[in-house]
């Protein structure tokens, strides 16, 4: 028995026709359901470009929702600091921080769960995670091992009292030695996968300082005042200097093929239990260092 049965009142490609019928799903989701055989015409599996006729019976079997299970995994971690309350970890480029649709395993959270108990405040799939960095951003993250530590670290983020400094390689020659980008960020109205500077967005502030110029490229230090999704990547693009290697926000012609050259180099916070200020640094990953060396030779 199918979940839905509809008689077509329009003609055209199957993927276009069903987009107008099953409006709760995106066209790409429906295309996958057609390919997987969840959507049939007159009882038969058809291709997305099949031409629907008036009166064709279109049936739709909703795909089973896969439940996300969180499994501890024995993945090596680069731990910079650890005690009974917090862990500071140096995340490699290419590792997702926590499970989400499409990334159920091999995440930082899977590795941390194998290593230690974690706080529970942030829900089932983000234990211990107080703040995130993008999959293709490397560097330092603070992780809470219990709820007391989580509340303290989260409050410091909200109050903007901790230190978060990044090193980024961007396209173009930045003329100013330093500057501040104060531009609100929100989901792009044009491409839902992207963030953008939007009038009604959330307050976002990034301070930058030029570390070195390489002609067509500039190495900068970025200090976060706020921590919005893709903040540095979108802000640097906004001022005309997208990150090198950024497949989402950068130009097609760029250097590297493993994601943006962005590294969370310095992290500082007040310890939740001792109230002592702690600060950590992580060296640039090898691929970042090698690229800078090759730019030096040029």
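Working from Cα positions, state the angle (0 to 90°, nearest 10) between the long axis of helix 147-159 and the longest principal axis of the chain.
That works out to roughly 80 degrees.
Quote the relative contact order of the stretch 4-60 in percent (integer), defining contacts as alpha-carbon pairs under 8 Å separated by 6+ residues.
RCO, the stretch 4-60: 51 percent.
Order of 298, 213 from fewest to most other C-beta atoms within 10 Å?
Details: 298 8, 213 16.
Fewest-to-most ranking of 298, 213: 298, 213.
Helix 286-297 versus the longest principal axis of the chain: what angle, 0 to 90°, nearest 10, using Cα atoms?
70
Based on the mean of other Cβ atoms within 10 Å per residue, sort peptides 51-62, 227-238 so the most packed one is first.
Result, highest mean Cβ count within 10 Å first: 227-238, 51-62.
I need to check one value: relative contact order of the chain, counting alpha carbon pairs closer than 8 Å and at least 6 residues apart, in percent. Spell out each step's value before the answer.
Numbers: 610 pairs, mean separation 40.1, N = 298.
After rounding, I find 13 percent.
Please check: in the Gaussian network model of the chain (C-alpha springs, under 10 Å), which one of 20, 173, 74 has the largest mean-square fluctuation.
Among 20, 173, 74, the largest mean-square fluctuation in the Gaussian network model of the chain belongs to 20.
The numbers here are math on the coordinates, done by the rules we state, and not lab data. Bear in mind that the values here come from a model prediction, so they are computed numbers and not experimental data. Neighbour counts are summed over all protein chains in view; Cβ atoms, including those assigned to glycine, are modelled from backbone coordinates with ideal geometry.
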